[in-house]
Amino acid sequence: MAKKKYYVVWEGKEPGIYERWQDAQAQIKNWPGARYKAFSSRQEAEAAYHGHFSHHIDLKGKKKAQPAAAEQATRHEEVIWDSIAVDAACSGNPGEMEYQGVDPRTGTRLFYLKFPLGTNNIGEFLAIVHALAMLQKEGRHDTPVYTDSRIALGWVKKGKARTTLPRNSHTEMLYQLIERAEKWLATHSYRNPILKWDTERWGEIPADFGRK
């Protein structure tokens with residue numbers, strides 16, 4: 001009898017963990033840049049899903065063709081450079097976590113926070129809310145926020161960080177910030193677009209920590 005597998009979909013129509021290949025396949029079919037992988041246990045799948053796909057998928061061997069100058073110029077025009085780009089990095093999952101916001105035009109760091117224990121998805125979520133709060137305070141109500149995380153983008157839209165990270169003495173400060181971010185989303189309205197950074201076309205997001 002074949003061993004049961006669990007399929008993690010990080011990038012697809014509906015990211016999640018699927019117990020049947022047919023269900024996972026439906027999420028990645030015709031989805032550009034789909035990221036997915038099979039795991040032999042539910043525990044492994046849960047840990048992988050709440051991390052970043054680059055920790056489990058080796059992309060180093062895949063070389064991208066360099067676009068022609070005209071195509072590069074077109075892609076450059078696609079980006080709204082008057083924006084804030086955010087990203088997070090995590091050493092382990094969970095592990096030491098940090099997030100930041102960067103001005104894509106200059107590469108200037110606009111904010112940065114670091115925590116002894118967290119996950120990449122939590123960092124991405126907090127970075128988006130941090131950027132939204134900053135823009136509202138500055139009166140920049142139409143300035144977009146770029147993220148390369150569909151999971152964090154979904155959390156922000158739903159107003160809830162759906163993390164399974166244990167709450168204890170090591171993560172209490174982080175959880176207080178998560179609750180503060182969720183409360184901000186529940187009590188504030190904003191019209192800043194939250195946009196998915198197109199890594200396949202534009203390269204790494206300007207806020208990337210460069211640790212892949």
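The values are calculated or read from the model by the stated rules, or taken from the named source; none is laboratory data. Note that the coordinates shown come from a computational prediction; the quantities given were computed from them, not determined experimentally. Here Cβ is always computed from backbone atoms with ideal geometry, including for glycine, and neighbour counts include all displayed protein chains. Heads up: the accessible areas ignore ligands, DNA and RNA and are worked out on the full protein's heavy atoms, side chains in. Shrake-Rupley method; radii C 1.70, N 1.55, O 1.52, S 1.80 Å.
Of all residues in region 73-97, exactly one satisfies the criterion of being in contact with a strand residue (DSSP E or B) (Cβ under 6 Å, 6 or more places away or on another chain), at pLDDT 95 or above and not hydrophobic (A, V, I, L, M, F, W, C), namely S83.
Every listed requirement among (1) of a type in the set (F, W, Y); (2) within 20 Å of D103 (Cα to Cα); (3) free of Cβ contacts under 8 Å to residues at least 40 places away in the same chain is met by W202 save one, (3). When the residues of region 1-55 are filtered to those that are under 14 Å from the mean Cα position of the chain (by Cα) and over 19 Å from K196 (Cα atoms), which remaining residue is least open to solvent (accessible area, probe 1.4 Å)? Per the stated criteria, the residue is A48.
I'd like to check something: does region 192-204 contain any residue that is crowded, with 18+ Cβ neighbours inside 10 Å, at pLDDT below 95 and under 12 Å from the mean Cα position of the chain (by Cα)? The answer is yes; a qualifying residue exists. Is there a residue being at pLDDT below 95, surrounded by fewer than 19 Cβ atoms within 10 Å (Cβ to Cβ) and within 16 Å of the chain's Cα centre (by Cα) anywhere in region 129-151? Yes, region 129-151 contains a residue that is at pLDDT below 95, surrounded by fewer than 19 Cβ atoms within 10 Å (Cβ to Cβ) and within 16 Å of the chain's Cα centre (by Cα). Residues that are open to solvent by less than 30 Å² (accessible area, probe 1.4 Å) and at pLDDT 95 or above within region 155-170 comprise W155, V156, G159, A161, listed in sequence order.
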